[in-house]
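> One structure follows; several queries about it will come next.
The values are calculated or read from the model by the stated rules, or taken from the named source; none is laboratory data. Since the structure is predicted, the reported quantities are computational estimates derived from the model, not experimental observations. FYI the Cβ positions are ideal-geometry reconstructions off the backbone, even for glycines, and counts take in every protein chain you see.
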Amino acid sequence: MDLSDILENLAEDPHASIDLAEAALWIARDEYPRLDIEAYLSQLDGLAHEGRRFLGQTLDSRVAGLSLFLFHEMGFQGNHQHYYDPRNSYLNEVMDRFTGIPISLSLVTMAVGQRLGMEIFGVALPGHFVTMAVEKGRRIVFDPYHQGVCLTAADCERLVRQAAGVEMQVHLPDLEPASAAAIVTRVLNNLKGCYLRRGDFPRAIRTIQRLRQVAPRDLVQLRDLGACWMQMGRPGRAIDPLERYLEMTPAGEDRDTVIKLLNQARSTIAQWN
């Protein structure tokens, strides 16, 4: 199984049971073709082996012990200074450099915790990603980006307000684990945003093409693919995705902007001919 198989499987079944760490490493292989996925999975096994001695008997002590091991003993931490460095979204780099963004640090936490027999899920808050440990109906929400600090409902609301600029009422018992597809899509969207910020359109296109595999109904990716091809000076490649986007979103708010971009692509091609 390769990344295309994983993404297409998730497109059909968003809740498919997959090893999210392995999926993240397959994503990284797009950037690092020689990446040894099995070696990094073995490192996660090793972290779990080392971390076992930090765990207690209760859910609270296991969450506290896991956080103590990962964020203090091992030194994983949020990359606050260079948040938009794409390396923060590649799991191999996060494991090598011990730094990342909320979702990549959550992936490490989930991978190690699950290898220790804990039920740990990702929770996709607007603008911020956290983890949730569950046992016998109890839930503990904690934040790998901030050294595993445990979160109340008010803490979650504050994080959403700070990260996304919106008000959201949070009830911890109602929080739902993010699906595997949602987590993989969020990793890819973060990478896409990093590359667009840098004007790295070849890598942005590569990432958008992966997004289209896991989220084929996300028509925004068609629009952005066409825009990226235009930025690369490839209007011929831009026409098809822009035409398809307009055809499938006849009432889109950005319709006039996309039509203008499409006409620009056609005009450029006409001049070449």
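> Take residue 216 and decide whether it is in contact (Cβ under 8 Å) with a residue 24 or more places away in the chain, surrounded by fewer than 16 Cβ atoms within 10 Å (Cβ to Cβ) and outside any loop (DSSP other than H, G, I, E, B).
no
> For the range 230-273, enumerate the residues that are of a type in the set (S, T, N, Q), over 18 Å from residue 218 (Cα atoms) and not in a helix (DSSP H, G or I).
The answer is 273, and nothing else.
> Okay, next question. Limited to the range 100-128, what total is found for residues that are under 24 Å from residue 86 (Cα atoms) and either in contact with a Gly (Cβ under 6 Å, 6 or more places away or on another chain) or of a type in the set (A, V, I, L, M) (or both)?
12
> Moving on to the next point. How many residues does the range 154-194 contain that are closer than 28 Å to residue 31 by Cβ and either surrounded by fewer than 13 Cβ atoms within 10 Å (Cβ to Cβ) or at pLDDT 95 or above (or both)?
18
> Determine, yes or no, whether residue 212 is closer than 30 Å to residue 269 by Cβ and over 14 Å from the mean Cα position of the chain (by Cα).
So residue 212 fits the description; yes.
> Among the candidates 61, 104, which residue alone is under 20 Å from residue 189 (Cα atoms) and either assigned to a helix (DSSP H, G or I) or of a type outside the set (D, E, K, R) (or both)?
None of the others qualify; the one that does is 104.
> Can you tell me which residue is surrounded by the fewest Cβ atoms within 10 Å (Cβ to Cβ) among those in the range 122-140 that are of a type in the set (A, V, I, L, M, F, W, C) and closer than 18 Å to residue 152 by Cβ?
Per the criteria, the residue is 134.
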